[in-house]
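Notes for the one structure printed next.
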Amino acid sequence: MTESKIKKIGVLTSGGDAPGMNAAIRAVVRTALSRNIKVFGIKHGYNGLINNDIQEMHLRSVSEIIHRGGTVLYTARSPEFITLQGQQTAAAHCREHGIQAVVVIGGDGSFRGAKDLSAQEVPCICIPGTIDNDIACTDYTIGYDTAMNTAVEMIDKLRDTTQSHERCSVVEVMGRNAGYIAVNTGLATGALVTLVPEKPFDVDKDIVDKMKFTRKIGKKHFIIIVAEGAGDSSALAKEIEEKTGIESRATVLGHVQRGGAPSLRDRVAASRLGYHAIDLLTQGITDRVIGFKSDDFVDYDIVEALAMHKEMDFSLLDISSTLSV
Ligand code: ADP
Ligand code: F6P
């Protein structure tokens with residue numbers, strides 16, 4: 001194996017946390033150390049670079065974290081880092097520690113930050129970590145599977161009480177700009193209707209008429225899944241009750257979806273991505289977003305990756321709709 005020219009790197013988690021971020025940190029740290037690269041943990045996302053909250057990590061710094069949700073490096077949204085002054089301060093602190101490259105684990109906002117940091121001559125490698133799975137250049141983002149499994153577990157519990165009371169449950173899942181969690185949980189929980197920000201809907205035609213029709217053919221309770229960004233779940237439950245006469249309740253699953261032990265899929269994805277990030281750095285390859293296409297690694301220039309667009313596969317909604325009658 002060629003000896004890496006990069007001898008010191010930093011690693012940070014940024015934006016919304018996601019289960020599996022810890023497994024990714026562990027993979028970055030241990031792979032780097034195996035290649036004689038020193039690793040510095042940067043706390044609280046880009047804030048840690050600005051505030052010089054940076055500590056060297058060792059093999060045992062990442063013990064007992066592969067199975068834990070959250071991120072031991074903490075995460076943050078850093079308004080200061082969006083300014084040029086913040087980026088210059090961050091880069092100066094990297095130089096002070098001799099950090100030659102930074103591994104950024106986060107979503108597309110965090111990757112915009114990485115692009116700006118690399119413009120300050122601190123190259124970066126980006127690992128997709130967000131429950132939303134809304135990074136265009138990869139099929140998969142760390143945290144997505146765990147979040148969906150958590151949502152399904154919660155909705156199964158709701159189904160019991162919805163069924164006993166013969167009600168309608170309007171369940172809001174996370175996804176301000178993306179409906180990937182919603183479409184899959186909708187299909188997996190037998191939701192009558194799933195609403196996503198990517199597709200406009202009509203309450204009367206898409207929900208009320210379908211509820212009335214399915215009630216006529218024997219359906220007694222109803223689950224409607226709403227992605228956070230698709231509409232107000234409380235207002236929708238009220239409207240449904242008024243228009244159908246069926247007692248309706250809204251439940252917002254919220255941040256529970258971001259926590260908990262990562263699933264096998266997330267631990268494996270995170271470990272592979274962390275390992276691959278260091279593989280690229282060792283070869284002198286930087287300023288890339290890495291990910292998976294058909295389970296193989298891919299990597300794209302950060303600017304190119306940020307310009308890509310992910311199309312939602314609406315066929316899952318069609319399947320859901322056919323099966324839920
Ligand atoms: P995510 O990475 O999960 O999409 P955010 O969009 O909140 O989360 O971004 C996380 C952080 O990345 C921001 O708080 C900010 O510090 C940094 N960031 C986001 N957008 C930019 C930008 N355009 N320029 C520089 N930094 C950015
Ligand atoms: O990006 C992940 C995510 O959980 C989105 O699904 C959600 O819209 C947003 O973060 C919530 O962010 P906050 O932590 O600011 O409530």
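The values are calculated or read from the model by the stated rules, or taken from the named source; none is laboratory data. Keep in mind that what you see is a predicted model, and the values were worked out from it rather than measured. Quick reminder, even Gly has a Cβ in these numbers, built from the backbone with ideal geometry, and neighbours come from all protein chains shown.
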In this structure, is residue 13 of a type in the set (Ser, Thr, Tyr), surrounded by 17 or more Cβ atoms within 10 Å (Cβ to Cβ) and under 28 Å from residue 177 (Cα atoms)?
yes
In the range 1-24, is there at least one residue being without any contact (Cβ under 8 Å) to a residue 40 or more places away in the chain, farther than 23 Å from residue 91 by Cα and of a type outside the set (S, T, N, Q)?
yes
So residue 200 clears everything in (1) in contact with a helix residue (DSSP H, G or I) (Cβ under 8 Å, 6 or more places away or on another chain); (2) under 29 Å from residue 144 (Cβ atoms); (3) surrounded by fewer than 18 Cβ atoms within 10 Å (Cβ to Cβ) except one condition, right? Which one?
(1)
Does residue 140 fit the bill of being surrounded by fewer than 20 Cβ atoms within 10 Å (Cβ to Cβ), modelled with pLDDT of 95 or more and closer than 23 Å to residue 293 by Cα?
yes
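Conditions (1) assigned to a helix (DSSP H, G or I); (2) more than 24 Å from the chain's Cα centre (by Cα); (3) within 16 Å of ligand 2 (Cβ to nearest atom), marked per residue:
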{"residue": "68", "(1), (2), (3)": "no, no, no"}
{"residue": "75", "(1), (2), (3)": "no, no, yes"}
{"residue": "94", "(1), (2), (3)": "yes, yes, no"}
{"residue": "104", "(1), (2), (3)": "no, no, yes"}
{"residue": "117", "(1), (2), (3)": "yes, no, no"}
Residue among 286, 251 that is under 23 Å from residue 141 (Cα atoms), surrounded by fewer than 23 Cβ atoms within 10 Å (Cβ to Cβ) and more than 16 Å from the chain's Cα centre (by Cα):
286
In the range 119-135, the residues that are aliphatic (A, V, I, L, M) and either under 12 Å from residue 180 (Cα atoms) or in a strand (DSSP E or B) (or both)
125, 127, 131, 135
